[in-house]
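What follows is a set of notes on a single structure, which appears directly below.
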Amino acid sequence: MQTRKRSVIKLIGLSALSLAALTACGKKEEPAAPAAPAPAAAAPAADKLKVSFMYVSPIGDGGWTFQHELARKAIAQKFGDKIETSMVESVPESADAERVLRDMAGQGNKLIFATSFGYQEFVQKAAADLPNVKFEHATGYKQADNVAVYDTKTFEGAYLAGIVAGSMTKTKTVGVVASVPIPEVVRNINSFVLGAQSVDPSIQAKVVWVNEWFAPPKESEAATSLINGGVDVMYQNTNSPAVLKTAEERGVYAFGKDGDMSAFAPKAHLGSAVIDWTPYYSKVVEDTLAGKWQSGNFWWGVKEGAMDLVKIADQVPQEAKDKVAKAKSSMKDGSFAVWTGPIVDNKGQEVLASGVVGDDAFLRGINFYVKGIEGVVPGAK
Ligand code: GUN
């Protein structure tokens, strides 16, 4: 253990960012400053389950990482002195991630949440050497005995936002600022457009890719180019409120994504598609404490209380609000699935026949744009 730690530290000398991350790892444990000695009745620290979270971007004040952090705080509160949580933010999707994961384990964490798609290979490598640590990887697809994967049905939130967008666009052209070209993001773009077209099938869409999860200046530039191209309602799959802020400045509409972003753009904000990771994190901690943790592939959505469209703006017509409410309740009772045929791609090819519901394998492999979206998915033929 000692030798391993020394070599980790040596490696870190090469990377200021890793050093900052690992220092943060040590520093950001909960409770932040245990000044008073623990009362005699409290469980000794060694009995606590140590749980750590690795974040790809700064926590900031809204969005993907912010929502994970809210859920971390919620479980810290819920499980009290049964657990001790910590986190490291701004860990890139590179070998730095593997070093941070190994360091977390070295610090006694037995349950580790790696909360970005690009951590996948680093989780696999660290987990193979650390069989006594349970890893949870958000949005990946590679499992192992000690690696579970989990995700939220963000495409359901995108569809609900799309309904609102379809009722508000005047130019009949909506747009999406897209992050990293993986099926999840392509699925969200398409689902947003399907929602808009459920209001008006003639609606067209444009997409600009920034190829990063968190890049506020680029997100803003992409939003500007969409607006210059005639888009008047935007969605995004990036991790900051930059698109919304740009919409506010330019007098068009946009949505919050992952968290409630209404405060950033009082005029432009039409609603926020919000993820709540708390139900899933609670379940995992409960299972781990009970010795019942199991690997698996968990994908929760509106039905499980993990996804919602909140704070729909007053200016949205009541008819659209009713349509959102109806879609939401039928997602909850299972009578409606976003990906139900007929669905046609933007080359005119039918991808789901009438009445056919896309199964998980179909959803996880979406690599095309639906009818009405301009262009081609990066890397697709
Ligand atoms: N990492 C940061 N943001 C995201 C996101 O929206 N999806 C996935 N899969 N990974 C992320």
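The values are calculated or read from the model by the stated rules, or taken from the named source; none is laboratory data. Since we're looking at a predicted model, the values are computed, not measured. As a convention, Cβ positions derive from the backbone with ideal geometry for all residues, glycine included, and neighbour counts pool all protein chains shown.
Points worth noting:
- Some residue of the stretch 276-294 being free of Cβ contacts under 8 Å to residues at least 60 places away in the same chain and in a strand (DSSP E or B): no
- Qualifying residue in the stretch 200-212 (condition: surrounded by fewer than 19 Cβ atoms within 10 Å (Cβ to Cβ) and within 15 Å of the ligand (Cβ to nearest atom)): yes
- Only one of K328, K303, K292, K257 that is in contact with a Lys or Arg (Cβ under 6 Å, 6 or more places away or on another chain) and not aromatic (F, W, Y): K303
Conditions tested, residue by residue: (1) buried (at least 22 other Cβ atoms within 10 Å of the Cβ); (2) more than 16 Å from the ligand (Cβ to nearest atom); (3) without any contact (Cβ under 8 Å) to a residue 12 or more places away in the chain; (4) acidic (D, E).
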| residue | (1), (2), (3), (4) |
| --- | --- |
| K153 | yes, no, no, no |
| G157 | yes, no, no, no |
| G166 | yes, yes, no, no |
| G175 | yes, yes, no, no |
| P181 | no, no, no, no |
| V193 | yes, yes, no, no |
| S198 | no, yes, no, no |
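Okay, residues lined up against (1) surrounded by fewer than 24 Cβ atoms within 10 Å (Cβ to Cβ); (2) within 16 Å of the ligand (Cβ to nearest atom); (3) not β-branched (V, I, T):
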| residue | (1), (2), (3) |
| --- | --- |
| K73 | yes, no, yes |
| K82 | yes, no, yes |
| E89 | yes, yes, yes |
| A95 | yes, no, yes |
| D103 | yes, no, yes |
| A114 | no, yes, yes |
| P131 | yes, no, yes |
| E136 | no, yes, yes |
| D145 | yes, no, yes |
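- Against the list (1) more than 16 Å from the ligand (Cβ to nearest atom); (2) without any contact (Cβ under 8 Å) to a residue 60 or more places away in the chain; (3) within 28 Å of V357 (Cβ to Cβ), the condition A320 fails is (2).
- Applying the criterion of being in a helix (DSSP H, G or I) and of a type outside the set (D, E, K, R) to the residues of the stretch 348-381, the residue that is modelled with the lowest pLDDT is A361.
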